[in-house]
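What follows draws every value from the coordinates through simple rules; no lab data is involved. What you see is a predicted model; the values in this text were computed from it and never measured. Don't worry about glycine lacking a Cβ; one is built from the backbone with ideal geometry, like all the others, and counts go over all protein chains shown.
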Amino acid sequence: MTKKEINEIKSLYTLENCSIARICGCYVDGEKNKLTKIDERFLNLPEEEQHKYFDIFKKTLSGTPGKNLIDMRFRTDSYADEGARTFLYKLRDSELENEELLDAFYDKVIESYSYVGNYLILLIHQVYDVPGRTKDNIEMEDASDEVYDYLLCSICHVTLSKPGLGYVEEEKAFHNQIQSHMVDVPDVGFLFPAFTDRSEDGDGVVYYSKNANVFETMFLDTILDCEVPLPAGNQKETFQELVTETLGEDCDYETVKNIHDNLNEMIAENKGNPEPVAINKQDMKDLLEKSGVQEEKLTDFEEHFEMVAGNDASLLATNVAETRKFEVKTPDVVIKVNPEKTDLIDTMEIEGRQYLVIQIDEHLEVNGIIVNPNTGEVIDNN
C-alpha cells in the first residue's frame, strides 16, 4: 500500500466519515488471563470515546512505509482450510458477531504475543464504499467503484497512570488522585485485507510495529503467517555487513563515499513515486560495481547475499542509506558533513600516512567563534 492509500483509510476515522459497524476487544493481564471483553456497536459509543478510539486506529496506520508499516504477502500454507488467511477471512465475514471466532482469535494473540504486562486487543470491522475518481484524479462523491470490507487490529499496552495530586473542580481543591489503567498507543497491529490500488488485496496484509527494528515474530507466524522481511534496523546492518565483507581490505573512504552518493541518487530519482526503492541482490551488485568495487570482488556476491539476507530478500534504500547525514569517525575526531557535499572531504597521503583533507570555503567557525580561514585570525563580528 502507498502512503496515499493508507491516508485514505485513516481519513475514515472521523465522526463525519465513520462507518465502523462493530468494535470488539479483550483486556489481558500479565498472566495471560482474559479480564474483560468489549463487544459494541461503535456508533453507539459516546462521542468522546469514539474520538479516543479514532486516535488509536490512526496510530495503527501511522509511520513510515517499509519501517513501521510493512506490506506482507501470505505464505502458501495460510490459504489452507485451517490457515491464517482463511481464518482472518472467516473473522471478517462474520462482521465480528461470532463469539466463538473472536475467542479463537484472542487465544491466538495471547498465545503468540510476547508482552509480559497488561494489554488490550482491539478489533474493528468497517465497510468502505470506495469513491470513484476521474481521469484527473478528482474524487466523485456520488460514484462508488467497489466496496472495501476490512478488519483493523490494534494491540495496546495498558499502563498505570502516575500517582499525585490532582485538581477536583467540584471542590475547587487539590486531592490525591487514584491511579488509573490507561490505554497506551498501539504496539503492533494489522490491516486485513490490504488496500492496494484502492481495491481489496486478499493476498496481502499491512503490519504495524511501533518499534521499526523489532518484529513480533511469533505473532506474525501465528496470526498472519506471512513472508516477513527484515526489520528496518536489520536491513541497515545487513547492508553494512555485505559492503564490509565484499570489499574486505579494499574498503576505502572513496568507495564508501561513492556508495553513499549513488544510494542517495537512487532515492532522489525515485522522489514522487509512491513505491519506495527496493534493492535485491542484483541491484546491490550493480550498485557496488557502479561505486568502484572491482569485478573480482563481486564474483560470489549473489551467493553471499543469499546467505546473509535470504534468497528473495530486498532492502529498502531508505532503510540502508543515510539521507540526512554523512559522518566520518576516527577514535578522536568526528566529522559531520552535509550529505550533498561529500566532495568537500578527501583523503591524502602525507609522508606515508593517510590524512582526511577538508575543503574550507570563506566561512570557518571554531567553538562558536568565527575565524579567518586563510590566516586563522579571529574576525570581529561587530
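Annotation: the stretch 326-371 has a Kirkwood hydrodynamic radius of 12.3 angstrom, from the mean reciprocal C-alpha pair distance. Calculated from the structure at hand, mean projected area of the Cα convex hull in nm² is found among (1) 30.5; (2) 17.5; (3) 19.5 as (1). Counting other beta carbons within 10 Å of each Cβ, put S11, S62 in order, fewest first. Placing the least packed residue first, the sequence is S11, S62.
Partners of K58 within straight-line reach, counting lysines whose Cα lies under 26 Å from its Cα and excluding those fewer than 8 residues away in the same chain: K3, K4, K10, K34, K37, K67, K90, K108, K162, K210, K271. Per residue of the chain, the DSSP helices (runs of n ≥ 4 H) give a summed -39500 (n - 2.57) that works out to -8000 deg cm²/dmol at 222 nm. Legend: ranking of residues T222, T14 from fewest to most surrounding C-beta atoms inside 10 Å; resulting order T14, T222.
In summary, the aspartates and glutamates within cross-link reach of K281, defined as a Cα separation below 18 angstrom excluding same-chain residues under 8 places away, comprise E227, E237, E241, E245, E289, E295, E296, D300, E302, E303, E306, D312. The slack between E146 and N33, meaning 0.36 nm per residue of separation minus the straight C-alpha distance, is 36.6 nm.
Remark: the N98-R353 segment gains 84.4 nm on full extension, using 0.36 nm per residue and subtracting the alpha carbon distance. Taking the number of Cβ atoms within 10 Å of each Cβ as an exposure proxy, the fewest-first ranking of H363, H51 is H363, H51. For the stretch 211-242 versus the stretch 97-122, the inter-centroid distance based on Cα atoms is 22 Å.
Estimated from the Cβ-Cβ distance and a Förster radius of 25 angstrom, the FRET efficiency linking N367 and T323 is about 0.30.
Consider a paramagnetic label point 7 Å from the Cα of H181 along Cα→Cβ; state which residues of the stretch 90-108 have an amide N under 18 Å from it. Residues 106-107 fall inside that zone. Per the Debye calculation on the stretch 3-228 with a single equal scatterer at every Cα and no solvent contribution, log₁₀ I(q)/I(0) for q = 0.09, 0.15, 0.17 Å⁻¹ amounts to -0.40, -1.03, -1.30.
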